1. Given the -39500 (n - 2.57) contribution per DSSP H run of 4+ residues, what per-residue ellipticity at 222 nm results for chain A, rounded to the nearest 500 deg cm²/dmol?
2. Using a 10 angstrom cutoff on alpha carbons, build the Gaussian network for chain A and name the most mobile of A:MET62, A:MET343, A:MET308.
3. Going down the list A:LYS280/A:LYS369; A:LYS228/A:LYS248; A:LYS8/A:LYS90, which pairs span over 23 Å between their C-alpha atoms?
4. Using the beta-carbon distance between A:ASP335 and A:GLU71 and R0 = 60 Å, what value does 1/(1 + (r/R0)^6) give for FRET efficiency, to the nearest 0.05?
5. Please compute the length gained on full extension between A:ASP419 and A:LYS35, using 0.36 nm multiplied by the number of residues separating them and subtracting their Cα-Cα distance.
6. Provide the packing ranking of A:299-306, A:230-237, A:118-125, i.e. peptides ordered by the mean count of other C-beta atoms within 10 Å per residue, highest first.
7. Do any cysteines in chain B lack another Cys Cβ under 4.7 Å, and if so which?
8. Does the range A:55-154 come out rounded, prolate or oblate, given a ≥ b ≥ c as the square roots of the eigenvalues of its C-alpha gyration tensor, rounded meaning a/c under 1.5 and, failing that, prolate meaning a/b above b/c?
Amino acid sequence: MSKKLLLKDAHIEGIRYFETYRKQGGYTAAEKALKMTPDEILEEVKASGLRGRGGAGFPTGMKWSFLAKPEGVPRHLVVNADESEPGTFKDRYLMEFLPHVLIEGMLISSFCLGSNVSYIYIRGEYSWIPDILEEAIEEAKAAGFLGKNILGTGFDCEIYVQRGGGAYICGEETALLESLEGKRGNPRLKPPFPAVKGLWERPTVVNNVESIAAVVPIIDIGGAEYAKIGVGRSTGTKLISACGNINKPGVYEIDMTITVEEFIYSDEYCGGIPNGKRLKACIPGGSSVPIVPANLLLKTVNGEPRYMNYESLADGGFATGTMMGSGGFIVLDEDQCVVEHTMTLARFYNHESCGQCTPCREGTGWMYKILKKIENGQGKMEDIDLLWDIQRKIEGNTICPLGDAAAWPVAAAIRHFRDEFEWHVKKPELCLTQNYGLANYADPIPAPSV
Amino acid sequence: MSETIAFKPESLAQVHKIIARYPEGRQKSALLPVLHLAQKEFGGWLDVPVMDYVAGLLDIQPIEVYEVATFYTMFNMKPVGKYVLEVCRTGPCMVCGSEKILNHIRTKLNIKDGETTEDGMFTLKPAECLGACGYAPMMQLGKFYHENLTIEKVDEILDLCRQGQVALD
């Protein structure tokens, strides 16, 4: 059984409220942190090896150490709760059921970074969650953990919640800051990075909800102990939101030592695939990371078991591997059509492109139209090569990573499922009534051993 | 600016509370929260006089409001029904049958995507990922999510809407 740090008390009734959270030891990490110096906290976060849980996986301690500290200029912590990546719903769980973990993590992080006013930017559609967060903030304030002169330390901290307006691009940190400033969510050119010029041109750290929540157990048990959990550079625990064709969709906390096979088939996690269907493919880290067929998902190209951690999932690069990303784990069974699935993702990225960069604005729409044609049995063989060509011209050619996020699903789908794309073109009538399934599948998919 | 457009006193107090979250001179940061309030109070959509009113409140140019309001999908630029059915159809929801749910609603209400029923009761808006992938298929109605939908559950929700028994806020 995986060690639980963030969700250890999630089963306790009323844990959403301060009193219950406090009884379970809540805010003791904050009390401990407020007796440390900001540099000591930073060293603990660095020692923990925590990597940003929003998808990029950049070391959090290193990111914090980049924060500029000019005299007399306020600094800010902004929590990225814009969670809009298809397949990803873990931050919602944390905020909805364990809001005080986030608030406590923000208090510690704000103290470390010297932020007296911190913000939670939450996607607008999660419209009931700001009430939960604001209630938790008020409770923490009433107990002396927020506001002026917190616990007599002289440190002041206010936390505010800001709702977005419905735009996936606002999950990109600079677009988020633009949006928080009351503008369209157009990503900024970097440099300057937010650590130097962020919110209102002030030094700013933008971190994912799960990353900031993880600061609580890091201070609680110490960075070195946190780093002992997990494996290699995949330290600590990771929340995985599992969905698609599985028996037990939901949010799971893993310690990154389990195999992908265990995660999909064991009762502790996804509980296998409904109706005894066979696994066809999976997108393990949110819709933007490459889809992988079952044979490459369960084992690496060298025949080693694939593990649920950053390094193992990425083993082999994009040719045979994928990414941990945000941990949005989407499982597809043998009845799913990869072309249709890729088309819906292309439609998503086209819809969510901010339109600032031509390759993304034009390319995402073009890919969607071609995929729709192929899915509807009106495609030509050269359309598949054209799709490949378009995604290559988007990747790496835009201001922000949305271009890459739009290109990678298409590239991986063609790379691994080209036969299925060709079948759609060759059998236009058939593809409207049937799915390709696992026909002519390159390798036999192993039966689960768990 | 139309003189008839004005927030209720309690909403105006809320606007001032929101503005106070930001440093002096950065009141434009309040734009999204204030637009949410305006949409809720002024009939579920943002027409030009409402946006001009918001611009005046925040002491910014009307164009700054228009460009933001039209960028974000949650702001309606034309009138909508009392109940806006936002059905997610991306990736995981598609895998779990969102298209069947959408087709059922289209047929039952005899409307296409983006349209409103003649009685002004329902507007259908397919949505691109609402972060409920583990509880798919789903739809958002006002402030709340309705998850693990089936055709029967959708019918029940629509009936309850007609009876005014579905909470939006």
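1. So the helix-based figure for chain A works out to -12500 deg cm²/dmol.
2. A:MET62
3. Exceeds cut-off: A:LYS280/A:LYS369; A:LYS228/A:LYS248.
4. Once rounded, the FRET efficiency stands at 0.45.
5. Result: 132.1 nm gained on full extension.
6. A:118-125, A:230-237, A:299-306
7. By the Cβ distance rule, which asks for a partner under 4.7 Å, the isolated cysteines are B:CYS96, B:CYS129, B:CYS161.
8. It comes out oblate by the Cα gyration axes.
FYI, it's all coordinate maths here, none of it is from the lab. Here the structure is a predicted model, which is why all the values come from computation and not from measurement. FYI the Cβ positions are ideal-geometry reconstructions off the backbone, even for glycines, and counts take in every protein chain you see.
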